[in-house]
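This report concerns only the one structure given below.
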């Protein structure tokens, strides 16, 4: 063989018989022979990959050579891939038997025995199958002797071999006639030992069918962990002492078997913290009994969760045993964890390490609880951590080093993305961002499990990017990963799905990025500029084209997307998206009709626009289209004088919820104050205007009572409106025309224990 030349990214050129170049880092496509390119991609991105030849056709007859004990799931994967590629005959043999007579031979197994390695080298010329890391694999496709072609798939362990088959499937290049196999060497292994998802959200749990589908998805994308911890499963949390009904036990058994087939570790979690007596022998036995029932149906990994509970000790027995400790809650929890670890985990051969979530799971630094917890909890127990913050915008190696130094236990990241239980009227479909490439065991991190959305099918879009990141963080590119995810998920519905995903994109992780708003805003500004110059038709046409895309995308998705469960999950979002498109078209046409003094058409369009906006209010679902409501209001009411002006406030709840976000023209960003009644936000309009209207678009933390005040100098304020009983939502406030430069909302009484929070603070000219 030629000397190996290894590359750190899976982006190489592969020359085919046509002599053309094939970039690896592209989507898989069908192609003709002649002057066409053949392209394929491997996702997650392999660590090392090299082009070693021109490739060869996948013949109708293929040999499959295995060793004793080759993973059955891997064998099934190869056979399924070959049949999908049009292979008619698969001849099977053992590595110790004479060499098969087939044009293409696949060697599949965990080849480490010297005799086996010699057979492979003599038959194929492949002499480097060195694998040393857990789940590592090698895939080599090569021309051998006597015109035979060989594909060697060898893993460090059964999971490595299985993952090798997943890569092999992606290597097959579709083309008319006979599919093509590029000649490459791939050497690959995961960076994070544990990669997967935790069903740990509040609200409606996934269905059994959802979970089965998820487990297949994890296996397909080289994710090896699923933690069963749905907060609203009563037997997981509130009724943790009670045994599961028999039909539920059967479901869990099926989940365990499906997980095993997909090389996914099924972890069963229990959350007893709300009602347990930590010192109680009977409560410990109830935990053991619950775990034993799971063990009996094949579960080998367990978690004991103590998050989202009141840590104070309730029972007299616990206060008597732990009350004098430096931190009684930590001492009580450690006592329970250690006893369960000793009396169940360590007494069951083959059990995985116990996992826990401490009560202080998101704080930035040490606490008395964390200090004592770290001292008392046995060192082999794994601690889950969300990053700094419940939904951490970033998780850095510095964060990991700091928290690992505090807990002094291996950390498993519980990443609260793309979970949406805290904002049930949003979908988070953007790629995972804000996680350092160095979150590795060297920094105390053994893996990452992502907490998905209640919408199981929709969750697969961002979970694809989680799989990419956790396998190979150094090569991870969020935008590229999302493109691959969409190509896999969409089928023929790629364009409308991409538009929908971009409309469900904004979250703190990406600084509330809105791709569609970013595209629309300059078009809107151009429209208004040309409209004022009475030359707005060209700009109007460009903007109408974008609104038409929004209007049509839902029906296009429904007509071309084959995943009906996904369509059911997103149905109300699609309805609202379509209404945004209809309203946008009507708004532009209405403005043009008014300018042309076509009163009848303008009134008809105004009615359509107002009715459409009322219809939108029936859908509480929110889309990442924050500039559109402002644009629609500007068409109806006139330009919002406050947009883009200087805003100040008495306080901000956190550093990123600043007052300028209430005047940025985006209904998806917000200002939030500290938690007292006497808070305010003010906007400087830049000059005196005659004003008679203010619109307050409240977040759920709204002002029950407040005043609207105006000033000409920013010092002397005059009340123009007093609200005594607001219901939140959108408050449209009218008052007699007055000249003012400064306008202020002065809080009097909050509606919640939070502060005041405004998406938008709008001011309108009396002459609109």
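Just a few scattered comments:
- Residue 569 modelled with pLDDT of 95 or more, part of a helix (DSSP H, G or I) and loosely packed, with under 15 Cβ neighbours inside 10 Å: no
- Applying a threshold of 7 Å to beta carbon distances and a minimum spacing of six or more residues, or different chains, the list of pairs starting in segment 243-263 at a residue that is touching a residue at least 60 places away in the same chain (Cβ under 8 Å) and ending at one that is part of a helix (DSSP H, G or I) and surrounded by fewer than 16 Cβ atoms within 10 Å (Cβ to Cβ) reads 262/216.
- Summed over segment 35-69, the residues that are assigned to a loop (DSSP other than H, G, I, E, B) and closer than 19 Å to residue 186 by Cβ give a count of 15.
- Residue in segment 293-300 that is buried (at least 19 other Cβ atoms within 10 Å of the Cβ), over 26 Å from residue 452 (Cβ atoms) and at pLDDT 95 or above present: no
- Entry remark, segment 729-756: residues being within 18 Å of residue 661 (Cβ to Cβ) and touching a residue at least 40 places away in the same chain (Cβ under 8 Å) number 7 in total.
- Residues within segment 41-65 that are surrounded by 21 or more Cβ atoms within 10 Å (Cβ to Cβ) and touching a strand residue (DSSP E or B) at 6+ places or on another chain (Cβ under 8 Å), tallied: 11
- The set of residues in segment 441-465 being closer than 22 Å to residue 356 by Cα and within 11 Å of the chain's Cα centre (by Cα) consists of 449, 450, 451, 452, 453.
- Here 517, 504 are screened, and the one residue that is crowded, with 21+ Cβ neighbours inside 10 Å, in a helix (DSSP H, G or I) and touching a residue at least 40 places away in the same chain (Cβ under 8 Å) is 517.
- Residue among 338, 327 that alone is modelled with pLDDT of 95 or more and surrounded by fewer than 16 Cβ atoms within 10 Å (Cβ to Cβ): 338
- Looking across segment 239-256, just one residue is farther than 15 Å from residue 291 by Cβ and touching a strand residue (DSSP E or B) at 6+ places or on another chain (Cβ under 9 Å), and that is 255.
- Test: residue in segment 671-692 that is touching a residue at least 40 places away in the same chain (Cβ under 8 Å) and closer than 30 Å to residue 497 by Cβ: no
- The set of residues in segment 449-459 being assigned to a helix (DSSP H, G or I) and buried (at least 24 other Cβ atoms within 10 Å of the Cβ) consists of 458, 459.
- Residue within segment 589-605 that is at negative phi, within 35 Å of the chain's Cα centre (by Cα) and crowded, with 19+ Cβ neighbours inside 10 Å present: no
- Every residue from segment 539-555 that is free of Cβ contacts under 8 Å to residues at least 40 places away in the same chain and more than 18 Å from residue 635 (Cβ to Cβ): 555
- Where residue 520 falls short, out of the listed (1) at pLDDT below 90; (2) in the same structural domain as residue 577 (by TED's automatic domain parsing): (1)
- Test for residue 247: is it at pLDDT 95 or above and either under 30 Å from the mean Cα position of the chain (by Cα) or closer than 29 Å to residue 426 by Cβ (or both): no
- Checking every residue in segment 464-483 against the condition of being surrounded by 18 or more Cβ atoms within 10 Å (Cβ to Cβ) and on the phi > 0 side of the Ramachandran plot gives zero matches.
- Verdict on residue 486 being closer than 30 Å to residue 551 by Cβ, surrounded by fewer than 22 Cβ atoms within 10 Å (Cβ to Cβ), in contact with a helix residue (DSSP H, G or I) (Cβ under 7 Å, 6 or more places away or on another chain) and modelled with pLDDT of 95 or more: yes
- Residue list for segment 161-190, restricted to those being under 12 Å from residue 222 (Cα atoms) and either touching a strand residue (DSSP E or B) at 6+ places or on another chain (Cβ under 6 Å) or buried (at least 23 other Cβ atoms within 10 Å of the Cβ) (or both): 161, 162, 163, 164, 165, 167, 188, 190
- Per-region count, segment 367-409, residues closer than 22 Å to residue 308 by Cα and part of a helix (DSSP H, G or I): 15
- Within segment 532-545, considering residues that are surrounded by fewer than 18 Cβ atoms within 10 Å (Cβ to Cβ) and part of a helix (DSSP H, G or I), the one farthest from the chain's Cα centre (by Cα): 532
- Cβ-Cβ contacts under 6 Å between residues 6 or more apart (or on different chains), taken from a first residue in segment 125-142 that is in the same structural domain as residue 109 (by TED's automatic domain parsing) to a second residue that is surrounded by fewer than 14 Cβ atoms within 10 Å (Cβ to Cβ) and not in a strand (DSSP E or B), are listed as 125/1.
- Each residue in segment 748-768 was checked for being crowded, with 19+ Cβ neighbours inside 10 Å and under 25 Å from residue 629 (Cα atoms), and 10 of them qualify.
- Filtered residue count, segment 255-296, keeping only those that are in contact with a helix residue (DSSP H, G or I) (Cβ under 8 Å, 6 or more places away or on another chain), over 23 Å from residue 309 (Cβ atoms) and part of a loop (DSSP other than H, G, I, E, B): 3
- Number of positions in segment 606-662 that are in contact with a strand residue (DSSP E or B) (Cβ under 6 Å, 6 or more places away or on another chain), part of a helix (DSSP H, G or I) and surrounded by fewer than 17 Cβ atoms within 10 Å (Cβ to Cβ): 2
- Residue 109 vs. criteria at pLDDT 95 or above, surrounded by 14 or more Cβ atoms within 10 Å (Cβ to Cβ) and either farther than 22 Å from residue 76 by Cβ or in contact with a strand residue (DSSP E or B) (Cβ under 9 Å, 6 or more places away or on another chain) (or both): yes
The values are calculated or read from the model by the stated rules, or taken from the named source; none is laboratory data. Just so you know, these numbers come straight off a predicted model, no measurement behind them. Heads up, the Cβs are rebuilt from the backbone with ideal geometry, glycines too, and the neighbour counts pull from every protein chain shown.
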